[in-house]
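Trainee: Have a look at this one.
Every number here is computed from the coordinates shown, using simple stated rules; none is lab data. Quick caveat, the model's predicted, so the values are computed rather than measured. Heads up, the Cβs are rebuilt from the backbone with ideal geometry, glycines too, and the neighbour counts pull from every protein chain shown.
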Amino acid sequence: MAARLCYSPSDIWSLREKIETKDQREFVEKLMKIGHMSPIEHASFTFAVEGISRACSHQLVRHRLASYSQQSQRYVSEETGFDYIIPPTIRGDKELMTFYEKFMDEAQQAYNHIVKKLNEKGKKGEIANQDARFVLPNATETKIMLTMNARELLHFFRQRCCFRAQWEIREMAHQMLLLVKTVAPIIFEKSGPACVNEPCPERVMYCGKAREIKRIYGRFVKGKNKAVNKGTGGSAKKSKVLGSQKGLFQE
């Protein structure tokens, strides 16, 4: 309706009636073709994400035109054991896996020791948690809900679906794109890394894989969803990205 308002002398209620009685697909396609993007800022999408690391969420919140609600390490204790993400390069190396898991065990012991000592001094609950969390690694798993409008999502996918993006946030972005394509296929029809639709904007940082990206990416968005690895003591679990519009969640 926002787009129709820009081009019509009608009042808002009349516009609403006209919109509800006519398929708007052709009009939305026209908006996307001519690049009239401000109307799609009125469409927002909410995602519930788990199975990503704090390293990934730190990158995510740099996208400032969004709203975030993240699981607190102050109010949520990790004494019973924190989950952590294992990078593929480490999971595929037996020696590195042993070293990695040992470090995580030591971080857990340090966390529990600090909490115990602070509790003995009368500092309990979030007071102890907020200081003990300083020893938790970037690999620590987190849960976060985020809301972005459609225009910001197009920018997000352009940046984070790129092969030069860090692997974890790139996988998350792919899953998010798969979800929004089912809800708003016209808006996100050509969404993805920049090189899918135009010359790579990275210039001297060009990865040299534009053709491969177009081939793989096309197959990815048409195929089944993929999950990011999550590890607890080396076990593999699936991450989840749940998307919603108007409060309706779908996996």
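Trainee: Within 10 Å, Cβ to Cβ, of residue 63, how many net charges do the neighbouring residues add up to if Lys/Arg are +1 and Asp/Glu are -1?
Mentor: Local net charge: +2.
Trainee: Could I ask something else about it? List the GluC sites (Glu not before Pro) within region 54-145 that fall in a DSSP loop (any state other than H, G, I, E or B) and whose Cβ has at most 14 other Cβ atoms within 10 Å. It would help to have the intermediate numbers written out before the result.
Mentor: Details: sites: 78, 79, 95, 101, 106, 120, 126, 141; in loops: 78, 79.
Hits after loop and neighbour filter: 79.
Trainee: May I ask you to list the trypsin sites (Lys or Arg not before Pro) in region 138-177 that are in a DSSP loop and have at most 15 other Cβ atoms within 10 Å of their Cβ? If you can, show how the numbers build up before the last one.
Mentor: Numbers: sites: 143, 151, 158, 160, 164, 170; in loops: 164.
Within region 138-177, the qualifying trypsin sites (Lys or Arg not before Pro) (loop, at most 15 other Cβ atoms within 10 Å) are 164.
Trainee: Once you list every other residue whose beta carbon is under 9 Å from the beta carbon of residue 162, what net charge do they have if Lys and Arg are +1 and Asp and Glu are -1?
Mentor: Surrounding charge for residue 162 is +3.
Trainee: So which chymotrypsin sites (Phe, Trp or Tyr not before Pro) in region 51-102 are both in a DSSP loop and have at most 13 other Cβ atoms within 10 Å of their Cβ?
Mentor: 75
Trainee: Just report the Cα centroid separation between region 164-215 and region 30-63, whole Å.
Mentor: Rounded to whole Å, the Cα centres lie 13 Å apart.
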